[in-house]
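The next block holds one structure in the form of structure tokens; read it before the comments.
The values are calculated or read from the model by the stated rules, or taken from the named source; none is laboratory data. Owing to the predicted nature of the structure, the values given are computational and were not obtained by experimental measurement. No Cβ is skipped: glycine too gets one built from the backbone with ideal geometry, and neighbour counts run over all protein chains shown. Ligands, DNA and RNA are stripped out before the accessible areas are found, and what is left, the full protein with its side chains, is counted by its heavy atoms. Shrake-Rupley method; radii C 1.70, N 1.55, O 1.52, S 1.80 Å.
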Amino acid sequence: MKGVLHSGIVERKKRIYLRQFFSILTGYILLIDVGAQLSWSSPALPYLLDKNNSKFSITSDQGAWVASIVSLAGIAGYVAIPLLMDRIGRKLTLFIFAIAHLISWILIYLASNYNFLLAARFFAGFSLGGSYSFLPPYIGEISGKNSRGLFIVFSGVCMNLGNFLINALGAFLNYETMNIVMISLPLIAICFFPLMLETPYFYLMRNEETKAIEILMKLNETSERKNIMIDIERMRSAMILNENSGKNGFYLLFSDRGSRKALIIIILSNVTLAFSGLVAIQTYSQSIFKLSAASTTLDAKYAAMIIAGVQIFSRLPSTQLIDIWGRRPIYLFSGIMSAIFLTVVGFYFFLEKYPVIDVTSISWLPLVGLILYQFMCNAGIYTLPNVFIGELLSVKVKGAAIMIASIVMAISFFITKMMIPLLNNSLGIYTTFWIFSFVCLIGPIIIVLITPETKGKNLEEVLELMRK
């Protein structure tokens, strides 16, 4: 009898997980596209910089702008999210950005000169900025406390999959064909859109309690209203607490102690992510490996593809560890180990430029070092910013906080992408890696000291911890 009961509970949990997963699926597919757009310049720039083979060529400085403009343009997407989410709903907001993803790839394919391409990449930045900042809070509202961490971390796996996809296409297809293939990705996302559910939080904000109850019953695979009324009351109480006489989200964000603290943590974690170098290395991975072309027999495009492929799997351990070890231990471990491997890779490039010893026998070190670095960085530094967004913010201030933190992050990413070619040319690539290493070490230490552990706690429990 107990075995049958246990089996029934397990089956119900599986159905709940699947229901939540399929509701998030459109967002996951768009995050694959986000990863592809962020890493598009890795296979695209070598083609565009080749005056002999490309249909139009660009200069090295123009290439830096083409690579970096998506981060700056992402600000427009970040700003649009809070303006749309609470007005038209979470579901329709994501549909708008799915259309934007589709348009951006069409424009990139049609681009026939530098200015056209720059405008297309700006539009791509708008779409990826919106999708990237939308999904963590949506997951926080649609999933349960025991699955929230897993679903948020899996969003990073999807971005890594997009990174691998664009590098693989770039390695085996020409530039035009690569862009045509990528047009299909947002189309697939749009096809899965009917499976997406609006969140009960949004309906409660609009005083549509009946719809909120119906959605929560679907998410919990139950036909009994009484089974979810405790959750409805908990959500309503939290929202009433944050209404604060109708004051807007920006006012509450800065007037509430817990919200201010959450904003500081999220900003610091985003800046740490940007200056950890992970996205910048993805952006210029082929160019980085070409700097060491004399000491390796592996083609740079295949090395970049391997790095991107490893990223898919490097995120998977964190999907389990984040709910086993907790947020703080995994973040600190990730930072220390990432700093070690970046220091080693930087030291290799230093020895290659100033040949105190012959590094030919260890020409494999940059590839292996960056593979290990990606495992460590994905375990925490790359994962926790999204988790913090989903877990540390109340519904009322979430939009305002995402806007501010995302703008800071976009500027930080833009700076890191622009500084790589500048630092590599003036101070050497080893200096770039050592700067990233320093940030990987210091950032997580500071953040762990000021952040409470949120493992296994629901949103209301977390908010209470943040106010202490």
Item to check | Meets criteria (open to solvent by less than 10 Å² (accessible area, probe 1.4 Å) and under 16 Å from the mean Cα position of the chain (by Cα)) for Met403 | outcome: no
Item to check | Any pair with Cβ under 7 angstrom, 6 or more apart, that starts in the stretch 210-226 at a residue that is under 13 Å from Gly144 (Cβ atoms) and at pLDDT below 80 and ends at one that is of a type outside the set (Lys, Arg) and open to solvent by 40 Å² or more (accessible area, probe 1.4 Å) | outcome: Asn220/Asn227
Item to check | Among the residues listed as Arg206, Arg148, the single one being in contact (Cβ under 8 Å) with a residue 12 or more places away in the chain and farther than 17 Å from Ala98 by Cα | outcome: Arg148
Item to check | Test: residue in the stretch 373-383 that is in a helix (DSSP H, G or I) and surrounded by fewer than 22 Cβ atoms within 10 Å (Cβ to Cβ) | outcome: yes
Item to check | Contacts under 8 angstrom Cβ, first residue in the stretch 440-453 being touching a residue at least 60 places away in the same chain (Cβ under 8 Å) and charged (D, E, K, R), partner open to solvent by less than 60 Å² (accessible area, probe 1.4 Å) and in a helix (DSSP H, G or I), 6 or more apart | outcome: Glu453/Arg327
Next on the checklist: Please go through the stretch 167-193 and give me each residue that is more than 23 Å from Ile306 (Cβ to Cβ), open to solvent by 10 Å² or more (accessible area, probe 1.4 Å) and assigned to a helix (DSSP H, G or I), ordered by number.
Outcome noted: Glu176, Ile180, Ile183, Ser184, Leu187, Ile188, Ile190, Cys191, Phe193
Checklist entry - Quick one: would you say Val310 is at pLDDT 80 or above and β-branched (Val, Ile, Thr)? => result no
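Among the listed residues Ser42, Ser23, identify the single one that is among the small types (Gly, Ala, Ser), closer than 23 Å to Ile190 by Cα and assigned to a helix (DSSP H, G or I).
Working: Ser42 fails: closer than 23 Å to Ile190 by Cα.
That would be Ser23, the only listed residue that is among the small types (Gly, Ala, Ser), closer than 23 Å to Ile190 by Cα and assigned to a helix (DSSP H, G or I).
Looking at Gly162, Gly149, Gly129, which one is assigned to a helix (DSSP H, G or I), open to solvent by less than 20 Å² (accessible area, probe 1.4 Å) and over 20 Å from Ser39 (Cβ atoms)? I'd like the intermediate steps shown before the answer.
Values: Gly162 fails: over 20 Å from Ser39 (Cβ atoms); Gly129 fails: over 20 Å from Ser39 (Cβ atoms).
The unique qualifying residue is Gly149.
Just one of Pro366, Pro329 is open to solvent by less than 10 Å² (accessible area, probe 1.4 Å) and not acidic (Asp, Glu); which is it?
Working: Pro329 fails: open to solvent by less than 10 Å² (accessible area, probe 1.4 Å).
That would be Pro366, the only listed residue that is open to solvent by less than 10 Å² (accessible area, probe 1.4 Å) and not acidic (Asp, Glu).
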Next on the checklist: Just to check your reading of the model, which residue among Ala410, Ala379 is small (Gly, Ala, Ser) and in contact with a Gly (Cβ under 7 Å, 6 or more places away or on another chain)?
Outcome noted: Ala410
Next on the checklist: Anything in the stretch 144-179 that is under 14 Å from the mean Cα position of the chain (by Cα) and among the β-branched types (Val, Ile, Thr)? List them, or say none.
Outcome noted: Ile152, Val153, Val157
Item to check | the stretch 15-62, residues that are touching a residue at least 60 places away in the same chain (Cβ under 8 Å), of a type in the set (Gly, Ala, Ser) and open to solvent by 50 Å² or more (accessible area, probe 1.4 Å) | outcome: Ser60
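Residues are listed down the side, and each one gets a yes or a no for (1) farther than 28 Å from Leu197 by Cβ; (2) touching a Lys or Arg at 6+ places or on another chain (Cβ under 9 Å):
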site: Arg90; (1), (2): no, no
site: Thr93; (1), (2): no, yes
site: Ile99; (1), (2): no, no
site: Ile103; (1), (2): no, no
site: Tyr109; (1), (2): yes, no
site: Tyr114; (1), (2): yes, no
site: Leu118; (1), (2): yes, no
site: Phe134; (1), (2): no, yes
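Regarding Ala76, is this residue open to solvent by less than 60 Å² (accessible area, probe 1.4 Å), touching a helix residue (DSSP H, G or I) at 6+ places or on another chain (Cβ under 7 Å), of a type in the set (A, V, I, L, M, F, W, C) and under 19 Å from Val66 (Cβ atoms)?
Against the criterion (open to solvent by less than 60 Å² (accessible area, probe 1.4 Å), touching a helix residue (DSSP H, G or I) at 6+ places or on another chain (Cβ under 7 Å), of a type in the set (A, V, I, L, M, F, W, C) and under 19 Å from Val66 (Cβ atoms)), Ala76 qualifies.
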Item to check | Candidate set from the stretch 420-448 (those that are of a type in the set (A, V, I, L, M, F, W, C) and farther than 19 Å from Cys377 by Cα); member that is most open to solvent (accessible area, probe 1.4 Å) | outcome: Leu422
Item to check | Enumeration of residues in the stretch 386-410 that are in a loop (DSSP other than H, G, I, E, B) and of a type outside the set (S, T, N, Q) | outcome: Leu392, Leu393
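Which one of these is among the basic types (Lys, Arg), under 18 Å from Pro137 (Cα atoms) and open to solvent by less than 10 Å² (accessible area, probe 1.4 Å): Lys417, Lys398, Lys455? So that I can check it myself, show each step before the final result.
Working: Lys417 fails: under 18 Å from Pro137 (Cα atoms); Lys455 fails: open to solvent by less than 10 Å² (accessible area, probe 1.4 Å).
Checking each option against the conditions leaves just Lys398.
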Item to check | the stretch 347-374, subset of a type outside the set (Ser, Thr, Tyr) and within 30 Å of Ile407 (Cβ to Cβ), residue farthest from the chain's Cα centre (by Cα) | outcome: Leu370
Next on the checklist: I'm trying to understand the selection: among the residues of the stretch 367-425, which are in contact (Cβ under 8 Å) with a residue 40 or more places away in the chain and among the small types (Gly, Ala, Ser)?
Outcome noted: Ala379, Gly380, Gly390, Ser394, Gly399, Ala400, Ala401, Ala405, Ser406, Ala410, Ser412
Item to check | Residue list for the stretch 108-125, restricted to those being of a type outside the set (S, T, N, Q) and open to solvent by 50 Å² or more (accessible area, probe 1.4 Å) | outcome: Tyr109, Leu110, Phe116, Ala119, Phe122, Phe123
